[in-house]
């Protein structure tokens, strides 16, 4: 009996070493890539980790959602509707003397048309992110992002905590 357990343990340790070596090799290759190529390779690696069950389901969700959100946030400024609304916001903010998207500190409420334009801009950004998710084959993620943002954030935060522990500050959420 002891011999069988020793053999099983030896095989399990060997398999763990081989898996670790594969992941370390992938990490080393990623370090050699440029930013765009690295994002694409990270997406492939994170999807593999999620699909192979290397990490819990929410941790896999976080990995894929995190890299796709970062990639989408770089790309959405090229979306025509987002670009147009950003330009309109900029013009309105200059006209009202708003700096860095912060309304005047004199206690005066922002105009309703500015608030409405901000809501429209955020909705356009959300739509663009969901389109980006779908373009990369993440239909379920896109649906959660648009239709059940609380669930999206709950899964994202649960997965993030798997790696980082402490809760994320609310201002860092989309």
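The values are calculated or read from the model by the stated rules, or taken from the named source; none is laboratory data. On a predicted model such as this, the values are computed, not experimentally measured, just so you know. Here Cβ is always computed from backbone atoms with ideal geometry, including for glycine, and neighbour counts include all displayed protein chains.
Considering 83, 129, 94, which residue is surrounded by 15 or more Cβ atoms within 10 Å (Cβ to Cβ) and farther than 30 Å from residue 20 by Cα?
129
Being part of a helix (DSSP H, G or I) and modelled with pLDDT under 80 is the filter here, so list the residues in region 92-121 that pass it.
Of everything in region 92-121, just one residue is part of a helix (DSSP H, G or I) and modelled with pLDDT under 80, namely 96.
Take the residues in region 13-36 that are surrounded by 10 or more Cβ atoms within 10 Å (Cβ to Cβ) and at pLDDT below 70, then tell me which one is nearest to the chain's Cα centre (by Cα).
So, considering only residues that are surrounded by 10 or more Cβ atoms within 10 Å (Cβ to Cβ) and at pLDDT below 70, the one nearest to the chain's Cα centre (by Cα) is 36.
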